[in-house]
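To keep things clear, I will list the structure first and then write my remarks on it.
The values are calculated or read from the model by the stated rules, or taken from the named source; none is laboratory data. These numbers come from a predicted model, not from an experiment. For neighbour counting, all protein chains shown are included, and Cβ atoms are generated from backbone atoms with ideal geometry for every residue, glycine included. Just the protein is used for accessible areas: all its heavy atoms, side chains included, with ligands, DNA and RNA removed. Shrake-Rupley method; radii C 1.70, N 1.55, O 1.52, S 1.80 Å.
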Amino acid sequence: MRGVRVSVKSLFLSVLVLLICTSSTLAQRTGSSGWVPPQPAHKIEISPFGGYLWSQSADVQYADEYGKLDAVSSPMWGIEVDINVSPGGQAVLLYQRQETELTFQPNYSAKQTVGDIAIEYWHIGGIGGVQNGKIMPFGLITLGGTRFIPNFIGGSETWKFSILFGVGAKIYVTERIGLRVQGLLPWIIMSGGAAISCGGNGCYTAFGGSGIVQATLSAGLIFAF
């Protein structure tokens, strides 16, 4: 999974540069004029959202065959709660769910459908951004658990640690209502021994490599309180 490591490293560096630039801009404004971003009047933002999720396949051994296991790209939905903790900074509680189909592509035979599966993210983290008028671009990092919920005979529920990086923008239509657009790159950490049992004949699926990268584009509303 060399490509996974390179992608995550590049993404981490990009987010780090974004946060450094944001902090530098804020420091310059504060130091030169004494100005700091105003703290919004509201304390909490609730954002239901929906979008589409693309998932990277994983190299596996399944029923004595080697190939690629893939959670088929599909729509997703979720809800996020952002809590003001400082000017330009918010704590994040995030829940995201995808309901999709699991497929297996052997190296030397036709693709197989394993069964339906749901993938959930339960995360906490933070947002950093500087509001400019009614628009606030932001960078986001969260940590937490990803739950795999197979819906087929022989499937077993599995939890894995995951990290989520994102960028986006909040557009405030009024003080209490807004729109939110964002792109997220979740990285699911899979140890060499990770596995999902699957199939009615007792087959066994073992994940290899260091992680699985996904990508989402989503939009939603903001309700501020």
Report task. Could you state how much accessible area L179 has, in square angstrom rounded to the nearest 10, with a 1.4 Å probe and all protein chains kept in place? Result -> 80 Å²
Query raised in the report: Non-local amide H neighbours of G155 (under 5 Å, H modeled in plane, Pro and chain starts lacking H): which ones?
Result: G199
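Based on the Cβ-Cβ distance from I124 to I171, what FRET efficiency comes out when R0 is 30 Å, to the nearest 0.05? Show your work: numbers first, answer last.
Working: r = 24 Å, r/R0 = 0.82.
Using R0 = 30 Å, I get an efficiency of 0.75.
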Report summary line: For segment 164-174, Karplus-derived ³J(HN,Hα) couplings (6.51, -1.76, 1.60; θ = phi - 60°; whole Hz; x for glycine and proline) come out as 10, 10, x, 9, x, 8, 9, 10, 8, 6, 9
Query - Förster radius 35 Å - calculated FRET efficiency between S156 and N132, Cβ distance, rounded to 0.05 - result: 0.15
**Report entry** Residues of segment 100-133 with amide N under 16 Å of the 7 Å Cα→Cβ point at W77
**Finding:** 100, 118-121
Query raised in the report: K43's amide H: which non-local residues (gap 5+, or another chain) put their own amide H closer than 5 Å, with H modeled 1.01 Å from N in plane and none for Pro or chain starts?
Result: F225
Report summary line: Karplus-derived 3J(HN,Hα) from phi for segment 213-225 (6.51 cos²θ - 1.76 cosθ + 1.60, θ = phi - 60°), whole Hz, x at Gly and Pro, runs 9, 10, 8, 10, 10, 8, 9, x, 9, 10, 10, 9, 10
Report summary line: Order by accessible surface, 1.4 Å probe, largest leading, for residues E175, E80 comes to E175, E80
Query raised in the report: Using θ = phi - 60° and the Karplus form 6.51 cos²θ - 1.76 cosθ + 1.60, what ³J(HN,Hα) does each residue of segment 44-51 get, whole Hz, x for Gly and Pro?
Result: 10, 10, 10, 10, x, 8, x, x
Query raised in the report: Over segment 66-142, how many percent of alpha carbon pairs lie in each 10 Å bin up to the one with the longest distance?
Result: 16, 30, 23, 17, 11, 2
Report summary line: Between V85 and D64, Cβ-based FRET efficiency (R0 41 Å, step 0.05) works out to 0.20
Report summary line: Listed by chain and number, the residues whose amide H is under 5 Å from that of V114, excluding neighbours fewer than 5 places away on the same chain and using placed H, are L102, T103, F104
Report task. Can you send over the carbon and sulfur percentage of the accessible area for segment 54-201, probe radius 1.4 Å, protein chains only? Result -> 61 percent
